[in-house]
Structures are given as structure tokens and as C-alpha cells.
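Have a look at the structure below, then the notes.
The values are calculated or read from the model by the stated rules, or taken from the named source; none is laboratory data. None of the values given here were measured: they were computed from a predicted structure. Don't worry about glycine lacking a Cβ; one is built from the backbone with ideal geometry, like all the others, and counts go over all protein chains shown.
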Amino acid sequence: MAYPSVNGSPRKPWIMNAFAMMAPGHLAPGLWKHPDQQPQTLDHWVQLAKFLDEAGFHGIFFADVLGNYDIYGGNAPALKSGAQIPIQDVSLFISALAYNTKNLSFGVTASTTYENPYALARKFSTLDQLSNGRIGWNIVTSYLESAAKSYGKEKLLEHDERYRMAREFMEVVYKLLEGSWQDGAIETNRETVVFANPAKINKYYKCAGLNLVGSSPQRTPFLLQAGASKAGQDFATTHAEAMFLPGMVPAKTGEIVRSMKNLLVKKGRSRDSVKFIAGIFICVDEMDEKAQAKFQDLMQYADLDGTASLFG
Ligand SMILES: Cc1cc2nc3c(=O)[nH]c(=O)nc-3n(C[C@H](O)[C@H](O)[C@H](O)COP(=O)(O)O)c2cc1C
């Protein structure tokens, strides 16, 4: 379908993607105190998913972290403001959200630094089957020292080392997802299961199994990524189908998009093979004044210490 051009540039349809977290404060710590704030029950998330589905959104994406923010002022600012804590395991909600929606897709964040590729392949294949191909994986390498300590590590792995580990993780996961089962293996001929023996000589992962779950509609979930450092862009231009970007400073967003497109071409991929999704905050109402009033109402609940804990 052709879209009309604007000032000579081709216009593309927007991807509408809701950005959420199963925590009382995602990027707006303190907002849990707002009288309209719903308790984060399964029913709440099902209602939200249905609302977005009916409104024609393409997806809802769930951010996730595996530790608490404790650099700025210890634990207290994050705990008091609900800054990304407490946080539930979103993957356990997806079946209910998928069952109650038709077209909405789901982005689930999972970390290559702490997950195990064999277990994660099983989880995403299951989610892909039960959502009928509506699952995406936001691949993160995780940045919180507290997560490293909670997962029994002495310290957080160095930034580029985390990306090297992520590359190897992907090799193993692709073999499990794409190479374990031939299409139709389960219904027709069990002999056509392919034994995958990925990564015998890998440094971080050894996995001699085949994916416990048979092939799913997408096999590999839709892959999303957000890291914009040199290592992050290198990873994204190899694996990602969509990239999340901070969208509050358009010039900076544009810089990353241009750099990504150049890198894609260098790697032999098309400039448009990655979709870019910029994060913006939109406050709407019937009239500007009402929208402004709504924004001011939200602002009075902002917890600056909680926000500082996220920056920390
Ligand atoms: C829009 C957006 C969403 C992100 N969501 C998550 C997330 O859910 N969990 C996480 O651990 N990191 C998340 N990140 C952080 C990135 O994965 C990455 O660590 C960060 O952008 C720094 O990139 P770099 O490591 O390439 O420097 C997000 C980043 C952006 C811009």
C-alpha cells in the first residue's frame, strides 16, 4: 500500500505500541498515589490489553528489570516511590492477555545476562504457540549491579562483555528455535525431529538438547532491542527487527536512527529492515486546556527522589 508523501518524504504508518511495566511506577515513580491508579491485578491488565486491541494498537511492550535501584540513597527512594518495584513476572500474564485479545502483540523483556537459553527458548516457544504468533522478545543485557548480586554473581559483568555474551546466547537460541523441529514434525512424523547440538565450543553456554516445545508460528519471536551504544547498535543491526529509542530529544533520536541505517547497509541488510519505535509521553483530552490540567494533575504525584533513583 502506498502512503502519501509529506514534503517529498514518503510517509509511513506509525507503529502504535504501549509502553508498560508490571510495577507501580515505570518511568513515573510516585504515580501509584494517584486516586485513579488501579491495583495491578490480572483483571486490570486484561482490561488494558482489550482496550488497546480494540483501539487498533499494534502492541503492548513490557519493560522489566531484575534488581532494585539502590545507588541513589540506598533502597529507600525506589521503595517509597514504587520506582520499578515491586515488579511481577510479565511472562506469566501473557496467556491471559493473548486469550482475551485478537491482534494485539506482546513484547516481553528478557535478559541474556541472567536467563538460560534452553529455558528461555522453551518459554518463548510456548508463548508464541499460545498467542498464535503474537509474541516479541525485547533482548536486554541488564545494567543493574543489584541484579548481578541477586543472581549470585560477584559483580555486574562489564558492558561490552555482556553484549559478547548476548551474541553467543543468540546463537544457541536460534539453533533451538529454528533447528530443533521440522515443520509438521509433531503431527506427522516424529522421526523428523532434528537433534540440535548447538555451541559445543562456546564460551558461556553449553546446550546439547533440542527445544522442549515443538515449532511455534514464528519459531523465533519478533526481536526487539534498545541498546544504542556501539556494542548495542552492532547487536541490534545483527538481530533486531525493531528498536526502541528514547524519543524526547528528536535530534538525538534521529542521530541513532541514521547511524543504525548506515550500519544495516554495511551488514547487508536493508535500511528499512529495522523498525524504530520512539518513546514519547502523550497526555490527551477533549481540549488542550483539559489535557494540560490532566498533565498538571499527574505531575503533582511525581516523586523526584524516586526519579533520581532511576537515574542513579
Ligand atoms: C525505550 C527503552 C526501553 C528499555 N527497556 C529496558 C528494559 O525493559 N529492561 C532493561 O534491562 N533495559 C531496558 N532498556 C535499556 C537498554 O536495554 C540498554 O541497556 C540501554 O539503552 C543502554 O544501551 P547500551 O547498553 O547499548 O549503552 C531500555 C532502553 C530504552 C531506550
Subset of the range 153-183 that is of a type in the set (Asp, Glu) and within 24 Å of Ser95 (Cβ to Cβ) - its residue that is nearest to the ligand (Cβ to nearest atom): Glu178
Residues of the range 56-108 satisfying the condition of being among the charged types (D, E, K, R) and within 15 Å of the ligand (Cβ to nearest atom): Asp64, Asp89
Residue list for the range 31-52, restricted to those being modelled with pLDDT of 95 or more and surrounded by 20 or more Cβ atoms within 10 Å (Cβ to Cβ): Trp45, Ala49, Leu52
From Leu224, Leu263, residue being farther than 24 Å from Phe62 by Cβ, surrounded by 14 or more Cβ atoms within 10 Å (Cβ to Cβ) and in contact with an Asp or Glu (Cβ under 8 Å, 6 or more places away or on another chain): Leu263
Hits in the range 243-252 - residues which are touching a Ser or Thr at 6+ places or on another chain (Cβ under 6 Å) and part of a strand (DSSP E or B): Leu245
When residues of the range 1-19 are limited to those that are out of contact with any Lys or Arg (no Cβ under 7 Å at 6 or more places or on another chain), surrounded by fewer than 17 Cβ atoms within 10 Å (Cβ to Cβ) and assigned to a strand (DSSP E or B), the one modelled with the lowest pLDDT: Val6
Odd one out for Ile280 among (1) within 15 Å of the ligand (Cβ to nearest atom); (2) surrounded by fewer than 19 Cβ atoms within 10 Å (Cβ to Cβ); (3) modelled with pLDDT of 95 or more: (3)
Every residue from the range 135-152 that is part of a strand (DSSP E or B) and within 12 Å of the ligand (Cβ to nearest atom): Trp137, Asn138, Ile139, Val140
Qualifying positions in the range 212-242 - near the ligand (Cβ under 10 Å from one of its atoms) and either part of a helix (DSSP H, G or I) or touching a strand residue (DSSP E or B) at 6+ places or on another chain (Cβ under 6 Å) (or both): Leu224, Gln225, Ala226, Lys230, Ala231, Gly232, Gln233, Asp234, Phe235, Ala236
Options Leu177, Leu127; residue that is assigned to a helix (DSSP H, G or I) and at pLDDT below 95: Leu177
Some residue of the range 132-147 being surrounded by 18 or more Cβ atoms within 10 Å (Cβ to Cβ) and over 17 Å from the mean Cα position of the chain (by Cα): yes
Among the residues listed as Ala55, Ala28, the single one being over 17 Å from the mean Cα position of the chain (by Cα) and at pLDDT below 95: Ala28
Members of the range 34-49 that are in contact (Cβ under 8 Å) with a residue 24 or more places away in the chain and within 11 Å of Ala96 (Cβ to Cβ): Leu42, Trp45, Val46, Ala49
Selected residue (only one of Leu245, Leu263 is within 16 Å of the ligand (Cβ to nearest atom) and within 19 Å of Met16 (Cβ to Cβ)): Leu245
Test for Leu263: is it in contact with a Ser or Thr (Cβ under 7 Å, 6 or more places away or on another chain), of a type outside the set (Val, Ile, Thr) and under 30 Å from Leu120 (Cβ atoms): yes
Selected residue (criterion: farthest from Arg164 (Cα to Cα)) from residues of the range 227-260 that are buried (at least 17 other Cβ atoms within 10 Å of the Cβ) and polar (S, T, N, Q): Thr253
